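To start, the structure under review is shown below, and the notes come after it.
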Amino acid sequence: MATCVKLKVDNGDLNSSLRNFYRAVIDSQMVDQILVPLRLPSGTMVMPTLVDDPEMLTTAEPLAPAFPLNSARLVCRLTRTDPGGNIAVVLRPCEIRAFIELVKLKQGNFDHILIIGMDCLGAFQNTEYLRFAAENAPDSSARFYEEILAGEAGQEPPDGIAPACRYCDQPIADNADISVALWGMDYKNQIMVESSTEKGDRLISSLGLESAQVPETRTKALKSLISKRSELRNEMYALTTEATSGMDRLASYFSACVNCYNCRVACPVCYCRECVFVTDAFDHPPSRYMAWARRKKAVKMPTDTIFYHLTRLAHMSLACVGCGQCSNACPNNIAVYELFSTVAADTQKAFDYLAGGDPDAKPPLTEFRENEFNEIVGLD
């Protein structure tokens, strides 16, 4: 049974109230440390930081529209073996979904962590965030969340918001131990914190906060937001499918790819220790390049770009959570996220599976299902 409590917002300062909440989480002694986005002293970037001293939380920026990396793999590092204590981790919904998939792939586990999920208001692409933060310093986070939360849910987001956030229809933190509710709340006076696990319930109960009920405004806001995002996402799927139908169009789509493999490195669910594309399997001898050019009259360099992306799609489309870090990491602004999420939607639908949805659902292809795809194998 979920427990809902009120978190008062003093003087309309939502960031400050969340920092106080995180201090209370550490002071509860149910966790020893907390992984939370902090503004670095060296600049404007906000990065996940493992905090031991609650006083360090004065620079915590949980609502900064910065998403430099998906923290799921960081949480795996912290949970692969016993860390020697308990850690609270503050994550976006897509980070939680990615972590769930990695746990299923034996890359991490839920022991010794308490997941604090946040309603996601979206984030800028890395370069756009640095511009936004510089132009709106020192209150860039507050300016962002006030613009988002003061408007109608689902309104056109600010310029520079990452495509993955623009089209995301999963903005709330399912499967967190504790969820912080922002959408549809009276955010200048109070927000809501909700537990959904026994661990989360124990922590919330220890804080002595006043109980709350989910307001109707939140239900309406989420319904409107998800409806509008889903409509935009489906339009994007259709446009992307058209733009990549056939090898010629697919080659054009990835024509600017330079085989940097940043998308592989940034992807939270692309977890292989050694990727075939960074071995000597594709270190072709010079004579082969010359032979290809001779046969085709010309050959694009570097080669194997389409093969690389098709291989990645085959490997991880069933685990794709749509976080958009692949596009965020691309130096040439290729719409990697749009294609990968489009293909992932089709493959996951075919297997009746939502990546990062149900922690107990086994990933497709890891178990035998007797009546799967009977119409394809000719058993119907």
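The structure-derived value of P(r) over Cα pairs in 20 Å bins from 0, in percent appears in the list (i) 30, 60, 11, 0; (ii) 26, 56, 17, 2; (iii) 27, 47, 20, 5, 1 under the label (ii). A Förster radius of 51 Å, combined with the Cβ-Cβ distance separating Thr279 from Asn136, puts the computed FRET efficiency at roughly 0.70. Per-residue packing, averaged as other Cβ atoms within 10 Å, sorts the ranges 292-298, 156-162 into the order 156-162, 292-298, beginning with the highest.
Across Thr219, Thr49, Thr197, mean-square fluctuation computed from a Gaussian network of the chain (C-alpha pairs under 10 Å connected) peaks at Thr219. Compared with the dominant principal axis of the Cα atoms in the chain, helix 286-296 is inclined by about 70°.
Need one word for the range 16-82: rounded, prolate or oblate. Basis is the Cα gyration tensor (sqrt eigenvalues a ≥ b ≥ c); a/c below 1.5 gives rounded, then a/b vs b/c decides. Judged from the Cα gyration tensor, the range 16-82 comes out oblate (a/c at least 1.5, b/c at or above a/b).
May I ask for the net charge around His284, where only other residues with Cβ less than 15 Å from the Cβ of His284 are counted and Lys, Arg are +1 while Asp, Glu are -1? Overall, the nearby charge balance is +2.
For the chain, with a Gaussian network of springs between Cα atoms less than 10 Å apart, report the residue from Ala142, Ala133, Ala150 with the top mean-square fluctuation. Of the options given, Ala150 has the highest mean-square fluctuation. I'd like the orientation of helix 198-207 relative to the chain: the angle between its Cα long axis and the longest Cα principal axis, in ° from 0 to 90, rounded to 10. Here the helix axis deviates by roughly 40 degrees.
Computed over neighbours whose Cβ is under 9 Å from that of Ala355, the net charge equals 0, Lys and Arg +1, Asp and Glu -1. Site pair Asn234 and Lys362 shows an inter-label distance of 3.3 nm when each label is modelled 7 Å from Cα along Cα→Cβ.
FRET efficiency for the Met30 to Tyr289 pair, using the beta carbon distance and R₀ = 51 Å, is estimated at 0.30. Note on the chain: GNM, Cα springs under 10 Å; of Pro37, Pro268, Pro302, the largest mean-square fluctuation is that of Pro302.
Between Asp52 and Lys349, the FRET efficiency estimated from the beta carbon spacing at R0 = 30 angstrom works out to 0.10.
Relative to the longest principal axis of the Cα atoms of the chain, the long axis of helix 93-104 lies at roughly 70 degrees.
From most to least packed by mean Cβ count within 10 Å, the peptides 366-376, 238-248, 348-358 give 348-358, 238-248, 366-376.
Taking each residue as 0.36 nm, the span from Val265 to Leu310 lengthens on full extension beyond its C-alpha to C-alpha distance by 14.6 nm.
Stretching the chain fully between Arg77 and Arg369 yields a gain of 101.9 nm (0.36 nm per residue, less the alpha carbon separation). Multiplying the residue separation of Glu198 and Arg249 by 0.36 nm and removing their Cα-Cα distance gives an extension gain of 13.3 nm. Pairwise Cα distances in the range 3-225 exceed 22 Å for 49 percent of all pairs. Note on the range 246-372: Cα convex hull, mean projected area over all directions, 9.7 nm². Counting charges near Asn70 (Lys, Arg +1; Asp, Glu -1) among other residues having Cβ under 14 Å from its Cβ returns a value of +3.
Label sites at Lys300 and Lys223, each approximated as a point 7 angstrom past Cα along Cα to Cβ, lie 4.7 nm apart. Taking amide hydrogens as placed 1.01 Å from N in the peptide plane, the amide H of Met45 sits under 5 Å from those of Leu40, each at least 5 positions away in sequence or on another chain. Listed as lacking a disulfide-compatible partner in the chain: Cys4, Cys76, Cys120, Cys165, Cys168, Cys257, Cys260, Cys272, Cys275, Cys320, Cys330, by the criterion of no other cysteine Cβ under 4.7 Å.
Each reported figure results from applying straightforward, stated rules to the coordinates on display, with no laboratory input. The shown structure was predicted, so the numbers you read here are calculated from the model rather than taken from an experiment. Positions of Cβ are generated from backbone atoms using ideal geometry, with glycine treated the same way; all protein chains shown enter the neighbour counts.
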